[in-house]
1. Go through the stretch 11-41 and give me each residue that's in contact (Cβ under 8 Å) with a residue 12 or more places away in the chain, under 21 Å from the mean Cα position of the chain (by Cα), within 16 Å of ligand 2 (Cβ to nearest atom) and not in a strand (DSSP E or B).
2. Assess whether residue 8 counts as being more than 16 Å from ligand 1 (Cβ to nearest atom) and assigned to a loop (DSSP other than H, G, I, E, B).
3. Take the stretch 110-126 and flag every residue that is away from ligand 2 (no atom under 13 Å from the Cβ) and touching a residue at least 24 places away in the same chain (Cβ under 8 Å).
4. Taking the stretch 77-94 as the search range and keeping residues that are surrounded by fewer than 20 Cβ atoms within 10 Å (Cβ to Cβ) and farther than 17 Å from residue 118 by Cα, which one is nearest to ligand 2 (Cβ to nearest atom)?
5. Within the stretch 228-239, can one find any residue that is under 22 Å from residue 165 (Cα atoms) and either in the same structural domain as residue 46 (by TED's automatic domain parsing) or not charged (D, E, K, R) (or both)?
6. Within the stretch 22-36, track down each residue that is farther than 21 Å from residue 186 by Cβ and either crowded, with 16+ Cβ neighbours inside 10 Å or not assigned by TED's automatic domain parsing to the domain that holds residue 140 (or both).
7. Which numbered condition in (1) under 18 Å from residue 185 (Cβ atoms); (2) assigned by TED's automatic domain parsing to the domain that holds residue 270 is the only one that residue 202 fails?
Amino acid sequence: MLAKAPGLGADMVFLDLEDSVSPLEKEAARTKVVNAIKSQDWGEAVLCVRVNAWDTQWTVYDILEVVGNAGPRLEEIMLPKVQSAAEIVAMDLLLTQVEKKAGLPNGHIGIEAQIETARGLINVEEICAASPRLETIIFGPADFAASIEMPVLTGGVQIDEYPGDHFHYVFSKILMAGRANGLQVIDGPFLKIRDHDAFRDYTNRTKVLGYDGKWALHPEQVVILNEVFTPTQEQFDRAFDILDAYEQATTEGERKGAVMFGDEMIDEASRKMATKFVTRGSRAGMTRSAE
Ligand code: GLV
Ligand code: MG
């Protein structure tokens, strides 16, 4: 898995020391992760390691060994099962010391926090504001279902008996807390890795709400995610057209702040919405169609 991870087209890759590593392998996994970070070509992917949660005996030693030895290519630490702002503050302080000892610039390592318990969700607003190192807030549906005692046996999938989306409130609450603090907001795993249609359908829900991305557990999920989260060519071109029309309206002639664009009205808010499409599309390598 470590050897295959680069080159799959994911914007970000995290190497796991937490729940996908068995307890007897926890310590040996640290060296494997450090070696993979140092010896493999990770291209442009943001590189992250998920350490064990604060309620285990491993967290501090994960950080000492991994951040202490991985070098500057490691950019983020993911902290799972975050329940309070204090856990983020503690991680920030620990990272500050380890960075200093390892000769890394202060603040080099960003933090990604997973919300996957009832307590974490209740405290998500304080958690999102707890440290300037915080870059991303992530929903963990499998642990979350376990935490709230939801009677499901598969993580992250639609529950047909529920009229609506059983996680709608959770998705929205995390999204608001993240956006209010300028963070990226990411949806977690979908465990039925062979059911591509259901994965695509479920991915669309958090995308439509405004999430920035979602986890992939398998290379085929990466392909689907890149498709879903990249604007269509039509949306990308339309966003550029809106920006052009708005720019023209506000700077030429009567310098109007709100004008007609086809059969709809556009204004400053339209410019902001369009900019998001242009940024995302450009990041995915899209170019505007020839007129
Ligand atoms: C991810 O860690 C999850 O528990 O869903
Ligand atoms: Mg989890």
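The values are calculated or read from the model by the stated rules, or taken from the named source; none is laboratory data. All of these numbers come straight from a predicted model, not from anything done at the bench. Cβ placement follows ideal geometry from the backbone for every residue including glycine, while neighbour counts extend to all protein chains displayed.
1. 17, 18, 19
2. Yes.
3. Scanning the stretch 110-126 gives 110, 111, 118, 119, 121, 123, 124, 125, 126.
4. 90
5. Yes, the stretch 228-239 has at least one match.
6. First, pick out the residues of the stretch 22-36 that are farther than 21 Å from residue 186 by Cβ: 22-32, 34-36.
Selection gives 26, 29, 30, 34, 36.
7. (2)
Conditions tested, residue by residue: (1) at negative phi; (2) part of a loop (DSSP other than H, G, I, E, B); (3) among the aliphatic types (A, V, I, L, M).
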| residue | (1), (2), (3) |
| --- | --- |
| 54 | yes, yes, no |
| 60 | yes, no, yes |
| 68 | yes, no, no |
| 83 | yes, yes, no |
| 99 | yes, no, no |
| 107 | no, yes, no |
